1. When residues of segment B:34-58 are filtered for being surrounded by 13 or more Cβ atoms within 10 Å (Cβ to Cβ) and under 26 Å from the mean Cα position of the chain (by Cα), how many remain?
2. So which of B:159, B:91, B:141 is outside any loop (DSSP other than H, G, I, E, B) and over 24 Å from residue A:157 (Cβ atoms)?
3. Quick one: would you say residue A:114 is closer than 30 Å to residue A:171 by Cβ and modelled with pLDDT of 70 or more?
4. Is one or more of the residues making up segment B:90-112 in contact (Cβ under 8 Å) with a residue 12 or more places away in the chain, surrounded by fewer than 13 Cβ atoms within 10 Å (Cβ to Cβ) and at negative phi?
5. Being over 30 Å from residue B:29 (Cβ atoms) and either part of a strand (DSSP E or B) or in contact with a strand residue (DSSP E or B) (Cβ under 8 Å, 6 or more places away or on another chain) (or both) is the filter here, so list the residues in segment B:78-88 that pass it.
6. Can you name the residue in segment B:121-133 that is outside any loop (DSSP other than H, G, I, E, B) and surrounded by 11 or more Cβ atoms within 10 Å (Cβ to Cβ) and is also nearest to the other protein chains (Cβ to nearest Cβ) among such residues?
7. Quick check: is even one residue across segment A:80-95 buried (at least 16 other Cβ atoms within 10 Å of the Cβ), part of a loop (DSSP other than H, G, I, E, B) and facing chain B (nearest Cβ under 9 Å)?
8. Output the strands (runs of 3 or more DSSP E) that fall wholly within segment B:1-77 and possess 3 or more residues being within 13 Å of chain A (Cβ to nearest Cβ) and under 20 Å from residue A:152 (Cβ atoms), or say none.
């Protein structure tokens with residue numbers, strides 16, 4: 001832009017040689033052919049107007065604008081000369097994978113990428129609380145971990161299915177997931193019930209004269225001598241103490257009330273005499 | 001030597017997913033974990049649940065895009081905004097390499113062809129290009145029918161509007 005007025009400046013105002021400049025000086029109102037600019041606004045283009053076009057053959061051909069080749073343009077290579085890409089498997093070494101690798105736990109037992117929808121749908125109903133009440137803690141704990149691992153597998157497969165748009169199977173997977181969650185809920189329910197039962201039993205045992213929670217494991221429950229009057233007075237206490245006895249044996253002894261302790265001292269004296 | 005935590009969690013509720021990422025080396029594995037999970041949590045979890053020994057762990061929380069209304073909304077409102085919960089990814093370094101299992105030979109059990117076809121149809125249903133294409137196909141079919149009719153290849157018949165009622169008791173004489 002800056003060069004345009006500079007280039008025209010001598011032509012327009014300081015043209016000394018030509019006679020036009022004298023004429024224009026004498027009669028400035030007369031329009032002259034050469035010295036006066038055709039328009040007062042300078043043109044945007046800096047290229048001189050005497051060239052109809054430049055000699056650049058590749059004018060307008062741009063990689064950025066993806067114009068493609070111009071007419072009759074030839075390249076040094078043809079499509080046939082292009083190298084053929086080698087498949088990735090040819091030059092990559094195969095990595096041996098351990099059969100017992102921990103990450104196989106995120107896949108199915110056959111170590112396939114995905115379980116089919118039919119395989120995911122092949123399951124029964126969830127475990128009920130009624131069935132789980134009679135199970136031991138070890139059983140419930142193992143069942144919980146089976147559930148956790150299966151849910152992890154389903155989450156892994158769901159991501160594969162979603163990202164790669166593999167197809168159907170989301171419904172079956174969700175159904176299975178929901179069943180597993182119901183089982184987990186039942187396990188928690190059974191354990192919570194068990195905890196409350198245990199807590200209530202401990203409260204009862206604290207006030208039971210026949211139970212000593214501070215004693216050694218085998219001496220926690222020492223039944224009194226059989227007395228029909230005592231039995232008729234408090235049959236419930238005896239029955240409860242018997243039922244809770246095996247559970248209490250595992251627990252640590254805890255502090256007891258003073259009333260309870262005095263009762264037990266009395267009993268010890270009786271036994272000694 | 002890697003140290004583990006001492007807090008005993010008997011009934012973990014976290015769901016962890018293994019994610020395939022092509023750019024990672026075979027000794028690395030990427031997981032999608034709950035937002036509450038820490039690196040130490042993941043290390044303990046992987047070792048005690050899967051017997052997987054991990055070295056270093058990298059963690060990354062991916063913020064999700066804002067979208068119009070909740071995903072379960074039947075008619076999404078334009079003036080309501082909803083941002084899904086962020087996703088936490090962790091990459092662990094393992095002592096042994098692991099390569100993902102290969103793709104199955106056939107996607108037939110998942111009905112992939114039907115699924116993709118239906119997805120494509122659903123995606124392009126309301127697009128103007130699809131409407132133009134459908135209109136053009138209809139016009140071409142109509143032109144073809146007209147041509148066949150004019151050339152005498154086919155005979156015009158009225159379209160049966162009502163079902164043809166067959167008389168069942170035609171043979172019975174009253």
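The values are calculated or read from the model by the stated rules, or taken from the named source; none is laboratory data. None of the values given here were measured: they were computed from a predicted structure. Glycine also receives a Cβ, built like all others from the backbone with ideal geometry; neighbour counts cover every protein chain displayed.
1. Filtering segment B:34-58 down to residues surrounded by 13 or more Cβ atoms within 10 Å (Cβ to Cβ) leaves B:34, B:37-50, B:52-54, B:57.
Going one step further and asking which of them are under 26 Å from the mean Cα position of the chain (by Cα), we end up with B:34.
Within segment B:34-58, residues that are surrounded by 13 or more Cβ atoms within 10 Å (Cβ to Cβ) and under 26 Å from the mean Cα position of the chain (by Cα) number 1.
2. On the way: B:159 fails: outside any loop (DSSP other than H, G, I, E, B); B:91 fails: over 24 Å from residue A:157 (Cβ atoms).
Result of the check over B:159, B:91, B:141: B:141.
3. Values: closer than 30 Å to residue A:171 by Cβ: yes; modelled with pLDDT of 70 or more: yes.
Spelling it out, residue A:114 is indeed closer than 30 Å to residue A:171 by Cβ and modelled with pLDDT of 70 or more.
4. Checked segment B:90-112: at least one residue is in contact (Cβ under 8 Å) with a residue 12 or more places away in the chain, surrounded by fewer than 13 Cβ atoms within 10 Å (Cβ to Cβ) and at negative phi.
5. Start the filter on segment B:78-88 by keeping residues that are over 30 Å from residue B:29 (Cβ atoms), which leaves B:78-82.
Across segment B:78-88, the qualifying residues are B:78, B:80, B:81, B:82.
6. B:130
7. First, pick out the residues of segment A:80-95 that are buried (at least 16 other Cβ atoms within 10 Å of the Cβ): none.
No - not one qualifying residue is present in segment A:80-95.
8. Working: elements: B:17-19, B:28-33, B:54-62.
The strands (runs of 3 or more DSSP E) meeting that bar are B:17-19, B:28-33.
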